[in-house]
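Asks: Before I ask anything, here is the structure I am working with.
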Amino acid sequence: MAKRYSRGDSGVTRLYPEVGAVPRLPETIANRRLRRFFKAFNRFMLWMWRIGLGPWINAWPAVGGRIMVLTHTGRRSRLARQTPVNYAPVGETLYCTAGFGRRCDWYQNLLADPHVGVRLPHERWSGLAEDVSDSADRSLRLRQVLIASGFAAYLAGINPRRIGEAELDRLAGEYRLIRIRRVGS
């Protein structure tokens with residue numbers, strides 16, 4: 001009997017599963033609901049930025065988090081895409097995280113083309129994104145991003161101010177840590 005594939009599997013992936021395959025963790029009902037919530041919330045956040053309320057969204061980072069808008073290129077469509085993400089500034093560098101791991105479309109887009117546009121509350125610039133999930137300071141930087149995310153970390157069941165390093169690694173092991181560095185002037 002032929003194996004069935006879910007919608008969205010390309011013919012290449014069916015014939016050669018290792019090509020373009022993204023490891024998928026079993027998705028719980030709670031995780032699916034959280035993803036749906038953030039998908040809708042992200043649309044709302046982009047609308048808020050478009051009407052000029054980006055700085056107001058960032059007015060109370062302890063609650064709403066620090067939010068920037070990343071403009072990236074779709075890996076298949078080559079169209080400009082925008083995604084609001086939480087971030088933590090460290091000097092001239094920004095760190096953000098793909099909280100749903102490798103399955104995030106925007107994360108996969110960054111891997112295909114690391115050139116991004118960064119829109120912060122009071123400035124815009126171009127940058128290069130790099131996955132630094134395997135770096136020695138991953139736990140420190142991830143914790144900084146989670147603290148800067150306001151309520152988002154708590155929705156995911158993580159209290160970044162009180163959680164130990166082993167527990168953080170267990171709960172956020174699938175998270176991808178992204179470093180964005182400014183390019184040009």
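Please treat every number below as a calculation from the coordinates, not as lab data. Since this is a predicted model, take the numbers as computed values, not measurements. We place every Cβ from the backbone using ideal geometry, glycine too, and count neighbours over all the protein chains shown.
Asks: Going highest first, how would you order 154-165, 107-118 by mean Cβ packing within 10 Å?
Replies: 107-118, 154-165
Asks: At 7 Å along Cα-to-Cβ for each site, give me the label-to-label distance between residue 161 and residue 71 in nm.
Replies: 3.6
Asks: Output the relative contact order of the range 26-182, whole-number percent, from Cα pairs under 8 angstrom with separation of 6+ residues.
Replies: That works out to 27 percent.
Asks: Quick one: what are the phi-derived ³J(HN,Hα) couplings along the range 78-90, Karplus 6.51/-1.76/1.60 with θ = phi - 60°, whole Hz, x for glycine and proline?
Replies: Going residue by residue, I get 6, 8, 5, 10, 10, 9, x, 9, 6, 8, 10, x, 9 Hz, with x marking Gly and Pro.
Asks: Within the range 64-174, what percent of beta bridges assigned by DSSP are antiparallel, to the nearest 5?
Replies: Percent antiparallel among DSSP bridges in the range 64-174 is about 100.
Asks: Say R0 is 30 Å: what FRET efficiency, to the nearest 0.05, do residue 136 and residue 111 get from their beta-carbon distance?
Replies: 0.90
Asks: Divide, for the range 26-182, the radius of gyration over alpha carbons by 2.2 N^0.38 Å, where N is the residue count.
Replies: The value comes to 0.98.
Asks: Cβ under 13 Å from residue 115's Cβ, residue 115 left aside: what net charge do those residues give with Lys, Arg +1 and Asp, Glu -1?
Replies: For residues surrounding residue 115, the net value is +3.
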